[in-house]
Ligand code: DC
C-alpha cells in the first residue's frame, strides 16, 4: 500500500470526538466535519435529550434514579441517514424537534447525571462507533466513550458567543426564549455537566482546544479537518501492514526472548490462550501497556502476548532473594515500591523507553479479589503522560482460575485495546487535572474490554 492509500485507510476508519459546553458550536462543527470527511455523525446529546423527553412524557420524576435508568435501558437508539441527513431513531421513529425544546433543555442535565443512564447511553454509543468511521459529539465522547479516539477536539467559547448562537438556533426552530433565560440555562447546565461524578465534562487528555468565540464555522471546520488529515498521515507512516515485520518486535535481551517464547508456547499448548485485538499493535512505536490484575500469573502471561521487548513493573519485595532478583532483572522486571514511584523506578522506566522498548504496568496495584476491575492507584496518569508513549489498555481473563484453563476446559483470554494517543504538540495547562483525567480514560478503556469479555 502506498503512503497515500494508508492515509485514506485511516481517514475512513477514524474516530473523531468533538466535546465542549452547550453553545460552543459542537453540532455544526461535527456535522460539517462528518460530511467533509465522509464519516458517520453521532450526536450523543440528542440521545440524552431523547431519554429526557420520554421521562417527561411518562410523568416520572427526573430525580428518580431507578425509574429514569429503566427508561434509558428500555430505549432503542440508532443513527440512520435519511434524505442524506443523519437522523437519530428513537424506538424505531425519527426523533422529533421536541427534544431541542426548552422543556427538555431544562431537564436534560439532571437526567444525564444518573450513572445508570450514562452507562446505558455509553454502551449504545460504543456499539455504534467502535468500528470507526465516526464523528462523535457531546460532553464525554473523548474522555469516556472513546478515550482512544484518533482526534479529540475540545471546543470552548465565551458566554456571549454561546448565548448568541443558542438564540439563533432556537429562533430557527421557532422557539422563543429570552436571552437571559438562555444564558441562565447555559450557566446552570455547565455547572451540572462539569460537576457530576460520572464522566463530567472535562477536556480529554490529548484534545486540541479550539476557541470558537471569534472564528467562523468554516474556519473551525477547516482547522479540524487539517488536524485530522495530519494525524491520518502520521498513523499511515507508523502502520505496519499484515505480513510485514514490525521493527519494534525484535527483542535484544536473550533471556527475555527465550522466556517469552517458552511461555507463549505453553499458553497455547496447555491453555489455548486467545488473544483479541493484536491488530491494534501493528504500529512501529513503543507502547505503554496497562493491564488489569487478577493473578500472580498475569505479568508473564500478559507480557508474553505482545511480540515486543517489554519491561514489567513488579513489586520490589520479589527482588529480595538475590538469585530471583538477578533473574527478574534479566527478564526485564523493574522493581517498584508499593507506596509510590521512586526516582530509581522512574529512571528505569525512562531507560526502557529510550531503548525503544515497551512497558507493562498494572494500575490497580494489587490483584483484584473478585476478578473485576478495581480503582487505580495514584500515579498511573502521571507515569503514562510522562512517558509520551501511546497507552494500550489490555484485559486478561482466566488466570484467576488457571486450573480450569488447563488443557482448555476454559480459555485464557487477553484483549488488546486501541492505543490512546497524545499528540506531540499537546500541552497541559493543569497537570494534576490532566493526570487524573488520563487515569480515568485508561480506566474507561479497560472497563470497555471487561464489558466485551463478559458480554
Ligand atoms: O449537546 P446538547 O446540548 O444537545 O446536550 C444536551 C445535554 O445532554 C447536556 O446538557 C448534557 C447532556 N450530555 C451529556 O451528559 N453527555 C453527552 N455526551 C452529551 C450530552
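In segment 432-451, the qualifying residues are those that are surrounded by fewer than 16 Cβ atoms within 10 Å (Cβ to Cβ) and in contact (Cβ under 8 Å) with a residue 24 or more places away in the chain, and the one that is farthest from residue 230 (Cα to Cα) is 451.
Among the residues of segment 308-326, the ones that are part of a loop (DSSP other than H, G, I, E, B) and surrounded by fewer than 18 Cβ atoms within 10 Å (Cβ to Cβ) come to 2 in all.
Of the residues 152, 179, which is surrounded by 21 or more Cβ atoms within 10 Å (Cβ to Cβ) and modelled with pLDDT of 90 or more? Unique residue meeting the criteria: 152.
Restricting attention to segment 277-307, the residues that are surrounded by fewer than 16 Cβ atoms within 10 Å (Cβ to Cβ), touching a strand residue (DSSP E or B) at 6+ places or on another chain (Cβ under 8 Å) and not in a loop (DSSP other than H, G, I, E, B) add up to 1.
In segment 83-101, the qualifying residues are those that are assigned to a strand (DSSP E or B) and over 17 Å from residue 27 (Cβ atoms), and the one that is nearest to the ligand (Cβ to nearest atom) is 90.
Does residue 331 count as closer than 29 Å to residue 280 by Cβ, surrounded by 15 or more Cβ atoms within 10 Å (Cβ to Cβ) and over 26 Å from the mean Cα position of the chain (by Cα)? Criteria met by residue 331.
To keep it simple, each residue is scored yes or no on (1) more than 24 Å from residue 29 (Cβ to Cβ); (2) more than 10 Å from the ligand (Cβ to nearest atom); (3) in a strand (DSSP E or B); (4) touching a residue at least 40 places away in the same chain (Cβ under 8 Å).
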residue	(1), (2), (3), (4)
103	yes, yes, no, yes
107	yes, no, no, yes
111	yes, no, no, yes
116	yes, yes, no, yes
121	no, no, no, yes
124	no, yes, no, yes
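Scan segment 335-358 for residues that are under 23 Å from residue 376 (Cα atoms) and part of a loop (DSSP other than H, G, I, E, B) and the total you get is 4. For residue 28, the criteria (1) away from the ligand (no atom under 15 Å from the Cβ); (2) surrounded by fewer than 19 Cβ atoms within 10 Å (Cβ to Cβ); (3) assigned to a helix (DSSP H, G or I) hold in every case but one, which is (1).
I'm trying to understand the selection: among the residues of segment 380-392, which are surrounded by fewer than 18 Cβ atoms within 10 Å (Cβ to Cβ) and part of a loop (DSSP other than H, G, I, E, B)?
At the first step, the residues of segment 380-392 found to be surrounded by fewer than 18 Cβ atoms within 10 Å (Cβ to Cβ) are 386, 388.
Across segment 380-392, the qualifying residue is only 388.
Of all residue pairs spaced 6 or more apart or on separate chains, those with beta-carbon atoms under 6 Å, a first member in segment 179-200 that is in contact (Cβ under 8 Å) with a residue 24 or more places away in the chain and a second member that is more than 12 Å from the ligand (Cβ to nearest atom) are 183/163.
The values are calculated or read from the model by the stated rules, or taken from the named source; none is laboratory data. Only a predicted model underlies this, so the values are computations on that prediction, with no experimental measurement involved. With ideal geometry, Cβ positions are generated from the backbone for all residues, glycine too; neighbour counts draw on all protein chains shown.
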